[in-house]
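The values are calculated or read from the model by the stated rules, or taken from the named source; none is laboratory data. These numbers were taken from a predicted model, which means no experiment stands behind them. Neighbour counts run over all protein chains shown; Cβ positions are idealised from the backbone, glycine included.
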Amino acid sequence: MDATPQPMIVIKNLTKHFGRVKAVDGVSLTVEAGKVMVIIGPSGSGKSTVLRCINHLEVPTGGEIWVDGIKLTHNRKDINAIRAEVGMVFQQFNLFPHLTALENITLAQRTVRKRSEADARRIALQQLERVGIPEKADVYPGQLSGGQQQRVAIARALAMNPKIMLFDEPTSALDPEMIKEVLDVMQDLARSGMTMVVVTHEMGFAKNAADEVVFMDHGVIVERCAPDEFFDNPREARTRQFLSQILR
Amino acid sequence: MASEPAHATPAPGTSQAQVLGRLSRLPWWLILMLLAGVFLTYQIVNDDLYSFIFGKLRQGILTTVLVTVVAYLFAVLLGLIGGLGRVSKNPVLYNLATLYVQIIRGVPILVQIFYFAFVLVPALVGLLNWVGGLVDPQGALATFSNQDVPMIVRVVVALAFAYGGFEAETFRAGIESIGKGQMEAARSLGMSYVQAMRYVILPQAIRRILPPLGNDFVSMLKDSSLVSVLGVRDITQEARLYMAASFIYPPTLNMLAFLYLSMTLILSLAVKWIETRMGRYGH
C-alpha cells in the first residue's frame, strides 16, 4: 500500500449544461478511498448532477472524471464496467416493481456479475440481513414501506460488491418516521469503510458520518471542509446564510 | 290487467322505483345477444336451409382462425421490433421504424393488402429471379413465378405488417410509460441497454399494454375477413361464394355475423382472463 492512497474518485473541472442552463459550472473534487463525502446545497445547486455524472447517468459537457483510476469516456464497455463498481441509491428507490425484493437483488448479480443463482441468492439474503429486513425477501416492492424499499435498494447496490456508493437524496421521499432506519444503515456502511458520496439534506448525517462536507450553490463549490468546521465555523457568507435557514 | 297497480304485491322493502332500477341495471344487450344466439342455434339444428349454410361457412372457420392467429403473432413480433426502434436513440433504427409506422398508419389496410399481393410480391419474385440469374447465368435458379406465393401467405404477411405498425405504437407507448428511473436503476447496476430492456422495462411494459394488445387480437379476427378480397376461403369468402350462387342473402349474412360475434365474444372473454392473470405482480 502506498503511503498516500490512490483517490477513489477524481473530478477535474466538471461542467454540465442543460441547454442554456449551466447546472454544473467547473467543479473539481477528490474522494479518497474509504471516505464519506456529503454534498449539500439548495435545490438546483447542481449537487445531484455532479453525483449522476460520476456513473455517467448524465454525460458531462466538459471536464474529466476518474473512478478507481479509470477515466470515464464514452466507451460503453468502460461505462458498464464502472457502473458495476459504483452502487447508486435514488431518491425514488427505483426498485423493479415486477420482481420480489430478493429478485431485485439477484437480477444484476446474475446478468452483470454472472453469478450462479445459488450464489446470487445467498449474497442477496446476506445483504437483506445487513439492512435488517431478511423476512421481506419474497415480498414485492408495492407491499413494502418507503423505508423498507430504500433499504432493499441499498442491499441491491451492495450485492454487486461496489467500491463506491452514491446516494442521491436517499431520505427525501420518506415519511419522517422512516428516515432513521435508512440513515442507520448508511451510518453502518460508512463505519465499515465504504467510499461514499451522499447528496442529502440530513445535517445530522453530515455531522456524524461525513469526513468532508461540500457546499454547492449555482453549479460551483462554495465551501469544502471537515463537518465540525462547516457547521461551527463556516467561512463563506453564503454558507452561513444557508445554514441559518435550515438549522433552527 | 294493465290497470293493476304496479305495487299491488310489494315485497317487503321494495318499491316500484327499486324494481325499475334493478331492471335497468340488467345487461340487456347481453340477454338480447344470447337470445339471438339461441335462436340461430335452434335454426341450425332444425332448419334445413340454415344447417346447409352453416355447413358451407364451417369450411372457412379453420382458415379464419389460422389467418388471425398467425398474422397476429407476426404482428406482435413486428410491433415489438418497431416499438424498440421507435424508442431507440440510434437514428437509423428510429427513422426506419418511424417510416414504417407512418406508412402503415396512412394507408387503408385493404389497399395495403392489394399493394402487398400485387406489387411487392411480384417485385420480390422479380428480384429473386434477377439475383438467381446473376448467381447462375444458365437460369436454373431463375424459376420463381408469382403463383409460387399463395394468396393466403400474401394476405397473412400483409395483415401482419399492417397490424405490426399499430402494435409498434402500442409497444412504444408501453415502454415510455415506464418511469425513467427504472432504466437508470438498471443501468446504474451495470446492466446494458439490452439487458435493462429485456429484464426490467419490457416485462413491465408488456403487462401494461395487455389490454390494447388483446383488443387488437379481436380486431384482427374481424379484419381477417379482408382476406376474402384475394379469394382466400375464410368464412366471409364462403358466404360470398354461396350468396353469388344462390342469391340467398339474409340467412347467409345472419349466419356469418353470428359466427364472427360468437368468436369475438369467446376471444374477448379469453383476453380478459389472461389480463387479470398476468396484469398483477405476483401474489
Looking only at the range A:100-113, which residues are without any contact (Cβ under 8 Å) to a residue 12 or more places away in the chain and in a loop (DSSP other than H, G, I, E, B)? none
From B:Phe114, B:Phe74, residue being in contact with a helix residue (DSSP H, G or I) (Cβ under 6 Å, 6 or more places away or on another chain), surrounded by 13 or more Cβ atoms within 10 Å (Cβ to Cβ) and modelled with pLDDT of 90 or more: B:Phe74
Please find, among A:Gly147, A:Gly62, the residue that is touching a helix residue (DSSP H, G or I) at 6+ places or on another chain (Cβ under 7 Å) and either over 23 Å from B:Leu202 (Cα atoms) or crowded, with 19+ Cβ neighbours inside 10 Å (or both). A:Gly147
Whichever residue in the range B:179-196 is crowded, with 20+ Cβ neighbours inside 10 Å and hydrophobic (A, V, I, L, M, F, W, C) and, among such residues, is farthest from the other protein chains (Cβ to nearest Cβ): B:Ala196
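For every residue, the table says whether it meets (1) among the small types (Gly, Ala, Ser); (2) within 14 Å of chain A (Cβ to nearest Cβ).
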position: B:Phe171; (1), (2): no, no
position: B:Leu202; (1), (2): no, yes
position: B:Ile206; (1), (2): no, yes
position: B:Pro212; (1), (2): no, no
position: B:Arg233; (1), (2): no, no
position: B:Ala245; (1), (2): yes, no
Does A:Ala124 count as free of Cβ contacts under 8 Å to residues at least 12 places away in the same chain and over 24 Å from A:Ala33 (Cα atoms)? no
Pull up the range A:55-99, narrow it to residues that are part of a loop (DSSP other than H, G, I, E, B) and within 7 Å of another protein chain (Cβ to nearest Cβ), then point me to the one that is nearest to the chain's Cα centre (by Cα). A:Phe90
Only residues in the range B:18-37 that are closer than 17 Å to B:Met263 by Cα count as the first member; pair them with residues that are of a type in the set (S, T, N, Q) and assigned to a helix (DSSP H, G or I), Cβ under 8 angstrom, at least 6 apart or cross-chain, and list the lot. B:Gly37/B:Ser262
Residue list for the range A:1-51, restricted to those being basic (Lys, Arg) and either in a strand (DSSP E or B) or buried (at least 23 other Cβ atoms within 10 Å of the Cβ) (or both): A:Lys12, A:Lys16, A:Lys22, A:Lys47
Out of all the residues in the range A:7-59, which are in contact with a helix residue (DSSP H, G or I) (Cβ under 6 Å, 6 or more places away or on another chain), on the phi > 0 side of the Ramachandran plot and touching a residue at least 40 places away in the same chain (Cβ under 8 Å)? A:Gly41
Take A:Val213 and decide whether it is of a type in the set (A, V, I, L, M), over 20 Å from A:Phe93 (Cα atoms) and out of contact with any helix residue (DSSP H, G or I) (no Cβ under 9 Å at 6 or more places or on another chain). no
Every residue in the range B:153-166 that is in contact (Cβ under 8 Å) with a residue 24 or more places away in the chain and either closer than 23 Å to B:Leu124 by Cβ or outside any helix (DSSP H, G or I) (or both), please. B:Arg154, B:Val155, B:Val156, B:Val157, B:Ala158, B:Leu159, B:Ala160, B:Phe161, B:Ala162, B:Tyr163, B:Gly164, B:Gly165
